[in-house]
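Novice: Just passing along the structure, written as structure tokens.
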Amino acid sequence: MGIEIGQQAPEFTLKDPSGATVSLADFRGKTPVALVFYPFTFTGVCHGELCGLRDNAAVFSDAGVQVLAVSCDSPFVQARWAEEENYGFLVLSDFWPHGEVAKAYGVFNDVVGCANRATFLIDADGVVVDTFDTPDLGTARPLERYHEALAKLA
């Protein structure tokens, strides 16, 4: 991964499923962010991971952390998926310019044209306090790893 612990997180502005813009700066000075890159909407492993985050929302809310899930899919596809799955967190589109934010974070997969499965925990000051990824697109991140990351905010 291109961004390391202790570095300032790259700023970004992306669209949510409703078409509203969401920027990392919106949370600066207020709320830590779990920036969760995932490869593809409507796929098995991604579905399992994001549903796991939804079903364990208290883990993040108790820590005062906003989850931002990001893929290179279009906001229209993400809107349908987010509605069907009733995610309680923001799902953001890095569709155009294609993968620009994933590239800024060093997690864009040029071969497949998607974001690799990677997470960046960013404190309220915009500093990366933890990062983790998986060895391949087919491997899910375990919820325990989120617990370890969130403990670093204390």
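Readers should treat all values here as calculations from the given coordinates under stated rules, not as data from a laboratory. Predicted model, so just to flag it, every value in this text is computed and none were measured. Ideal geometry is used to build each Cβ from the backbone, glycine not excepted, and the neighbour counts take in all protein chains shown.
Novice: Between the stretch 128-154 and the stretch 1-22, what is the separation of their alpha carbon centroids in Å?
Specialist: 17 Å
Novice: Per 0.36 nm of contour for each residue apart, how much would the distance between Ala154 and Asp110 grow if the chain were fully extended, relative to their Cα-Cα spacing?
Specialist: Length gained, Ala154 through Asp110: 12.3 nm.
Novice: Applying a 10 Å radius around every beta-carbon, put 73-85, 131-143, 26-38 in order of their mean neighbour count, most first.
Specialist: Output ranking for 73-85, 131-143, 26-38: 26-38, 73-85, 131-143.
Novice: Now for a different question. Would you please give the FRET efficiency between Thr139 and Trp96, computed as 1/(1 + (r/R0)^6) with r the Cβ-Cβ distance and R0 = 25 Å, to the nearest 0.05?
Specialist: The computed FRET efficiency comes out at 0.35.
Novice: Mind checking the full-extension length gain between Ala25 and His147? Use 0.36 nm per residue of separation minus the Cα-Cα distance, one decimal, nm.
Specialist: Stretched fully, the Ala25-His147 segment lengthens by 41.5 nm.
Novice: Got a sec to turn the phi values of the stretch 118-124 into Karplus ³J(HN,Hα) couplings, 6.51 cos²θ - 1.76 cosθ + 1.60 with θ = phi - 60°, whole Hz, x for Gly and Pro?
Specialist: Per residue, the Karplus-derived 3J(HN,Hα) values read 8, 10, 10, 9, 10, 6, 5 Hz.
Novice: List the residues whose amide H sits under 5 Å from the amide H of Gly106, counting only those 5 or more places along or on another chain, with H placed 1.01 Å from N in the peptide plane.
Specialist: Placed amide hydrogens put Gly2 under 5 Å from Gly106.
Novice: Rounded to the nearest 0.05, what FRET efficiency is calculated for His47 and Ile5 with R0 set to 25 Å and r the Cβ-Cβ distance?
Specialist: Calculated transfer efficiency: 0.30.
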